[in-house]
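Below is one structure; the comments refer to it alone.
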Amino acid sequence: MYSKSGLPHFLWITFVPLVFVAIKWIVIGRYKAGRYPIRGSYYLRWWFVDVCRKLFLRGIWGSDPRLLRFYYRMLGADIGSGARISLECDFAEYDLIQVGRKAAIDLCTLRAFAVDNGAMILGPVRVGNESSVGLRSVVAPFTQIPDYKHLGPVTSSYDATPGTWSEQQARVNRQFFQKPSKLLERLIGVPILFLVNAFSQLPPIGILYALLWYKSREEAEGEHFFDSWNEVISWLCDPRRIPFFIGIRLARAFFTPFFYMFAAIIVKKVIIGKFEAGPRSNSDWERLRYWLAAALFPRKRLQKCTELMGRHYEGVSVLYRLLGSKVGKRVFWPGSQPVTDGTFDLLEIGDDAVFGSRSALICTTVDHAEKIIICAGGNVSDNCVVMAGSVIGKNAVLGSNSICPEGTYLPSGSVWFGSNGSRPTCLNPGDNSDAEYYQPLNEECSTDGVPQHASNTVDPRALVMDGDDSTLRPFGKAFYKGDATYSVLSLKSIVLFTIANRTFQVLFHLLPLWLAIQLGAVVLYTDHFFKEAWRNSFFFTVKEFDGYADDEGVTHDQFLWWTRVYDNQGHWHSFIQVYCAVVMCFILTHALRVLFWLVIELSAKWLYMGRRKPGRYNYDTSDYAQRWELYQLTAKIRKLSRLNLLQFITGTPMMNLYIRLNGGDVGKDCCLYPSGADPFMPEPDLVKIGDGCAVDCASIVCHLNTRGNFELAKITIEDKCTLRTRSRLQQGVVMETGSQLLEKSLAMTGEIIGARSVWQGGPASSWFRYKAEEVADYQPPSVTKTKTEVEMKNMVD
């Protein structure tokens with residue numbers, strides 16, 4: 001039985017990705033470089049293929065680097081032998097992408113697509129032979145990484161800062177890390193991963209076994225056991241099956257994450273052991289340890305546990321301690337857990353530390369493993385990357401979209417932002433309370449005249465891990481010390497709300513398929529369906545539902561599913577008939593799900609949040625953050641398995657409507673998030689977007705949470721502005737008419753981006769300006785132009 005059940009899954013993950021290959025070649029054929037109007041026919045074909053890409057995934061073709069290369073080649077990409085591409089890499093528009101021999105592509109964006117002045121552009125992208133692209137970086141259309149060059153983390157292919165392309169950047173690219181031999185990986189590593197995953201499935205398997213045992217009793221009593229599709233439909237519609245059906249889904253939601261983490265921690269303690277700082281041994285066993293730790297503890301596995309125990313609270317600290325980390329008190333954990341390499345023993349976090357979402361903590365390089373230390377009151381903001389050997393001093397701040405390079409010390413009280421040449425820019429050198437404990441690096445490593453500092457020269461006395469009054473944040477003051485001006489929900493209350501909310505969401509997403517099966521049975525097994533449906537409307541009594549006799553005295557089927565007979569003469573249906581009936585009914589029930597999702601999410605937004613207003617909302621003086629957490633938990637109803645319902649409307653007028661319904665001010669003919677978003681606009685009611693704007697996978701964030709001080713401010717985007725992939729607007733930014741923010745660029749708080757200017761970098765600065773005639777009065781996206789990125793550089797005043 002179990003071997004048979006495994007075969008369909010194997011066939012599914014093998015052949016369904018090939019369906020996407022067929023869709024790609026049938027719908028769009030070979031991608032062609034050029035400029036295309038948004039909402040034109042080519043854009044619509046591109047959009048449909050991109051949605052299918054997210055829906056079908058890569059299945060078994062992503063299980064091995066060679067299979068992944070072969071799969072991308074089937075889609076049209078030019079990939080050299082020995083190239084290593086991360087499964088997490090955002091890789092698309094395949095025909096325009098060339099990856100050279102032995103290139104290494106980490107978690108990054110490698111796409112030929114971009115938006116530009118109300119149009120979409122497709123341009124070639126190349127990564128040369130033995131080159132690499134670092135963590136959280138972007139290779140833009142019409143650009144390339146030359147042979148034997150290495151783009152560092154948290155930057156873009158536009159970055160020409162010295163050091164951006166050095167061989168030193170290859171040391172921190174995870175695709176260059178040595179893997180164990182195939183023999184050791186397959187004899188030890190893969191079986192361990194299989195056993196851990198199998199153990200995590202014991203709760204739903206136990207309920208499934210009880211379901212099958214219950215059914216087998218009917219077989220013993222002489223009833224048929226799935227001899228026909230009538231029997232299958234009869235069993236699927238049996239109300240006695242419903243508790244098992246619900247139980248399996250709830251077991252997966254609540255017990256599987258913890259069973260997995262329990263088994264993974266046992267493997268960590270017994271087999272992998274403790275990681276120590278120092279040079280990495282090149283032995284096969286050592287390579288297996290590092291590989292297995294990274295495979296056992298991906299971000300999504302941690303996320304599934306932390307979402308059930310309170311995302312920001314002490315339960316997360318307990319989990320990290322079980323994994324080997326040293327974690328202090330009153331740590332504010334992010335809603336989205338950081339990417340790690342599994343070496344938790346090398347992570348030390350002091351009291352009152354604050355984390356932002358979607359960051360990365362990487363404690364290893366090609367040849368070394370070093371500690372990451374975040375001192376008391378340290379602040380790591382959204383979308384940051386902290387490299388091996390980094391030390392973030394007491395009350396130091398690493399701002400959004402920033403990097404802390406390998407072996408760097410950020411002094412006490414200092415503030416650092418962005419990434420130019422994979423190095424941050426210093427906005428505040430700090431309070432000098434630890435100046436006697438470190439030595440500056442040479443001037444080549446300085447930013448804006450402020451030298452960076454090597455962490456290995458820091459006196460340990462400078463590393464303050466215990467909190468005091470200067471490190472205590474409003475969050476710790478309110479939640480852990482109970483010192484707030486309102487009633488703070490306890491951790492128990494938050495966990496209970498999470499459980500109730502998750503239970504509702506499981507049932508909500510279970511109903512469409514279950515109802516489709518029931519409605520399909522009604523259609524297939526009811527004589528004169530439409531006539532009987534009318535007869536058995538709400539105007540009739542329940543007794544009339546038990547069946548009726550026609551003019552000739554023949555008794556017909558009952559209309560209600562719990563009294564239906566599925567094997568009466570004349571009602572034998574083939575698999576195709578059953579499948580088509582259920583699918584057609586599922587289209588209806590899924591449409592109802594989408595409608596109710598929208599009603600529930602919008603109701604939660606206006607109930608919990610109302611209309612946001614600029615101001616300061618610290619955790620100890622305002623319940624804003626508490627209400628926002630409840631809303632975010634409720635808004636997870638949009639999550640459908642591995643997908644998000646919003647992903648099906650990105651880049652369409654329906655996305656504009658969704659933003660407006662959430663309070664946003666969106667002008668005409670805007671194109672929002674055509675290639676997706678991470679995250680979607682968190683405070684839409686504080687954002688004003690003019691006519692004809694194009695916003696790709698960019699962050700528009702109206703809040704700032706620096707050292708626990710939470711502020712909201714408006715963002716204004718005037719007509720015909722463009723935000724490209726992975727760019728970010730901080731609170732208070734104003735983009736004037738026709739301005740543009742290029743890939744992986746960061747507009748700082750309160751920045752004014754001048755009209756017709758193009759900005760790039762982190763922090764961003766003006767790169768060039770369009771001529772006035774290049775940004776004419778706004779027109780709907782039907783006008784076509786032909787400009788490449790090279791030509792754009794000539795469009796200066």
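Which one of SER157, SER131 is out of contact with any helix residue (DSSP H, G or I) (no Cβ under 7 Å at 6 or more places or on another chain), under 17 Å from SER727 (Cα atoms) and among the polar types (S, T, N, Q)? Walk me through it before giving the result.
Working: SER131 fails: under 17 Å from SER727 (Cα atoms).
Residue meeting the stated conditions: SER157.
When the stretch 335-354 is filtered for residues that are within 21 Å of ARG174 (Cβ to Cβ), not in a loop (DSSP other than H, G, I, E, B) and not charged (D, E, K, R), the ones remaining, listed by number, are VAL339, THR340, PHE344, LEU346, LEU347. Looking only at the stretch 362-382, which residues are open to solvent by 10 Å² or more (accessible area, probe 1.4 Å) and either over 30 Å from GLU286 (Cα atoms) or without any contact (Cβ under 8 Å) to a residue 24 or more places away in the chain (or both)? Of everything in the stretch 362-382, those that are open to solvent by 10 Å² or more (accessible area, probe 1.4 Å) and either over 30 Å from GLU286 (Cα atoms) or without any contact (Cβ under 8 Å) to a residue 24 or more places away in the chain (or both) turn out to be SER381, ASP382. Scanning for something part of a loop (DSSP other than H, G, I, E, B), open to solvent by 10 Å² or more (accessible area, probe 1.4 Å), of a type in the set (Lys, Arg) and under 30 Å from LYS477 (Cα atoms), does the stretch 745-765 turn up at least one residue? Scanning the stretch 745-765 turns up no residue that is part of a loop (DSSP other than H, G, I, E, B), open to solvent by 10 Å² or more (accessible area, probe 1.4 Å), of a type in the set (Lys, Arg) and under 30 Å from LYS477 (Cα atoms). Pairing each residue of the stretch 624-642 that is of a type in the set (Gly, Ala, Ser) with any residue that is assigned to a helix (DSSP H, G or I), provided the two are 6+ apart or on different chains, yields C-beta distances under 6 Å for ALA635/GLU601. Selection of helices (runs of 4 or more DSSP H) fully inside the stretch 1-113 by the criterion of at least 1 residues being of a type in the set (S, T, N, Q) and open to solvent by 10 Å² or more (accessible area, probe 1.4 Å) returns 2-27, 41-56.
Inspect all residues belonging to the stretch 242-260 and state whether any of them is assigned to a loop (DSSP other than H, G, I, E, B), in contact with a Pro (Cβ under 9 Å, 6 or more places away or on another chain) and open to solvent by 40 Å² or more (accessible area, probe 1.4 Å). Step through it out loud before you land on a result.
In the first step, residues of the stretch 242-260 are kept if they are assigned to a loop (DSSP other than H, G, I, E, B); the result is 255.
Checking the rest, the ones that are also in contact with a Pro (Cβ under 9 Å, 6 or more places away or on another chain) come to 255.
Within this subset, residues satisfying the condition of being open to solvent by 40 Å² or more (accessible area, probe 1.4 Å) are 255.
Among the residues of the stretch 242-260, at least one is assigned to a loop (DSSP other than H, G, I, E, B), in contact with a Pro (Cβ under 9 Å, 6 or more places away or on another chain) and open to solvent by 40 Å² or more (accessible area, probe 1.4 Å), which makes the answer yes.
Restricting to the stretch 326-363, name every residue that is on the phi > 0 side of the Ramachandran plot and over 24 Å from the mean Cα position of the chain (by Cα).
Step one: of the stretch 326-363, the residues on the phi > 0 side of the Ramachandran plot are 330, 342, 352, 358.
Matches in the stretch 326-363: ARG330, ASP352.
Take the conditions (1) farther than 18 Å from ASN456 by Cα; (2) in contact with a strand residue (DSSP E or B) (Cβ under 9 Å, 6 or more places away or on another chain); (3) crowded, with 22+ Cβ neighbours inside 10 Å; ALA388 misses just one of them, which is (1). Scanning the stretch 484-503 for residues that are open to solvent by 30 Å² or more (accessible area, probe 1.4 Å), in a helix (DSSP H, G or I) and touching a residue at least 12 places away in the same chain (Cβ under 8 Å) yields a count of 6.
Taking each residue of the stretch 655-681 that is under 22 Å from ILE600 (Cα atoms) and open to solvent by 20 Å² or more (accessible area, probe 1.4 Å) and looking for partners that are in a loop (DSSP other than H, G, I, E, B) and of a type outside the set (S, T, N, Q) with beta-carbon atoms closer than 6 Å, six or more apart or interchain, yields ALA677/CYS697. Please work out if TYR320 is of a type outside the set (S, T, N, Q), part of a helix (DSSP H, G or I) and under 29 Å from ARG461 (Cβ atoms). Taking the combined requirement at face value, the residue satisfies it. There is no residue in the stretch 160-171 that is touching a Lys or Arg at 6+ places or on another chain (Cβ under 6 Å), within 17 Å of VAL366 (Cβ to Cβ) and either without any contact (Cβ under 8 Å) to a residue 12 or more places away in the chain or open to solvent by less than 40 Å² (accessible area, probe 1.4 Å) (or both).
I'd like to verify a number: residues in the stretch 157-188 that are assigned to a loop (DSSP other than H, G, I, E, B) and closer than 13 Å to ARG287 by Cα, how many?
Here is the first cut: in the stretch 157-188, the residues assigned to a loop (DSSP other than H, G, I, E, B) are 157-166, 173, 177-181.
Right, trim to closer than 13 Å to ARG287 by Cα and you get 177-181.
Residues that pass the stated criteria total 5.
Looking at the stretch 643-654, which of its residues are open to solvent by 30 Å² or more (accessible area, probe 1.4 Å), farther than 30 Å from VAL354 by Cα and touching a residue at least 40 places away in the same chain (Cβ under 8 Å)? Within the stretch 643-654, PHE648 is the sole residue that qualifies. Checking each residue in the stretch 175-190 for being more than 20 Å from VAL125 (Cα to Cα) and open to solvent by less than 50 Å² (accessible area, probe 1.4 Å) picks out PHE176, PHE177, PRO180, SER181, LEU184, GLU185, GLY189. Here ARG612 fulfils each of the conditions (1) surrounded by 14 or more Cβ atoms within 10 Å (Cβ to Cβ); (2) touching a residue at least 40 places away in the same chain (Cβ under 8 Å); (3) under 18 Å from HIS509 (Cα atoms) apart from (3). For THR737, the conditions (1) surrounded by fewer than 20 Cβ atoms within 10 Å (Cβ to Cβ); (2) at pLDDT below 90; (3) more than 25 Å from VAL397 (Cα to Cα); (4) not aromatic (Phe, Trp, Tyr) all hold with the exception of (2).
Between a residue in the stretch 695-722 that is more than 27 Å from THR109 (Cβ to Cβ) and any residue that is open to solvent by less than 30 Å² (accessible area, probe 1.4 Å) and of a type in the set (Lys, Arg), which pairs come within a Cβ distance under 8 Å, given they are 6 or more apart or on different chains? What qualifies is ARG707/ARG473; GLY708/ARG473; LEU712/ARG612.
Going through (1) open to solvent by less than 10 Å² (accessible area, probe 1.4 Å); (2) among the hydrophobic types (A, V, I, L, M, F, W, C); (3) part of a helix (DSSP H, G or I) one by one, VAL154 falls short only on (3).
Residues of the stretch 355-368 being in contact with a Pro (Cβ under 8 Å, 6 or more places away or on another chain), farther than 19 Å from GLY310 by Cα and not in a loop (DSSP other than H, G, I, E, B), which ones?
Taking the stretch 355-368 as the starting set, the residues that turn out to be in contact with a Pro (Cβ under 8 Å, 6 or more places away or on another chain) are 355-361, 367-368.
Narrowing the set further to residues that are farther than 19 Å from GLY310 by Cα leaves 360-361, 367-368.
Passing the criteria: ALA360, LEU361, HIS368.
For the stretch 741-763, the count of residues that are under 24 Å from TYR617 (Cβ atoms) and of a type in the set (Lys, Arg) is zero. Name the residues in the stretch 268-278 that are surrounded by 15 or more Cβ atoms within 10 Å (Cβ to Cβ) and either farther than 24 Å from ASP367 by Cα or basic (Lys, Arg) (or both), would you? LYS268, the sole residue that qualifies.
Go through the stretch 94-123 and give me each residue that's touching a strand residue (DSSP E or B) at 6+ places or on another chain (Cβ under 7 Å), over 25 Å from ARG358 (Cα atoms) and of a type outside the set (S, T, N, Q). LEU96, ILE97, VAL99, GLY100, ALA103, ASP116, GLY118, ALA119, MET120, ILE121, LEU122 - these are the residues of the stretch 94-123 that are touching a strand residue (DSSP E or B) at 6+ places or on another chain (Cβ under 7 Å), over 25 Å from ARG358 (Cα atoms) and of a type outside the set (S, T, N, Q). Filtering the stretch 330-358 to residues that are out of contact with any helix residue (DSSP H, G or I) (no Cβ under 8 Å at 6 or more places or on another chain) and basic (Lys, Arg) leaves only ARG358. If you go through the stretch 283-296 one residue at a time, do you hit one that is under 30 Å from THR503 (Cβ atoms) and crowded, with 16+ Cβ neighbours inside 10 Å? Yes, there is a match, as at least one residue in the stretch 283-296 is under 30 Å from THR503 (Cβ atoms) and crowded, with 16+ Cβ neighbours inside 10 Å. Counting the residues of the stretch 114-151 that are among the acidic types (Asp, Glu) and either open to solvent by 10 Å² or more (accessible area, probe 1.4 Å) or within 27 Å of GLU406 (Cα to Cα) (or both) gives 2.
The values are calculated or read from the model by the stated rules, or taken from the named source; none is laboratory data. Every value quoted in this text rests on a predicted model; they were computed, and no experiment measured them. As a convention, Cβ positions derive from the backbone with ideal geometry for all residues, glycine included, and neighbour counts pool all protein chains shown. For the accessible areas, the whole protein counts, side chains as well, though only heavy atoms, and no ligand, DNA or RNA atoms are used. Shrake-Rupley method; radii C 1.70, N 1.55, O 1.52, S 1.80 Å.
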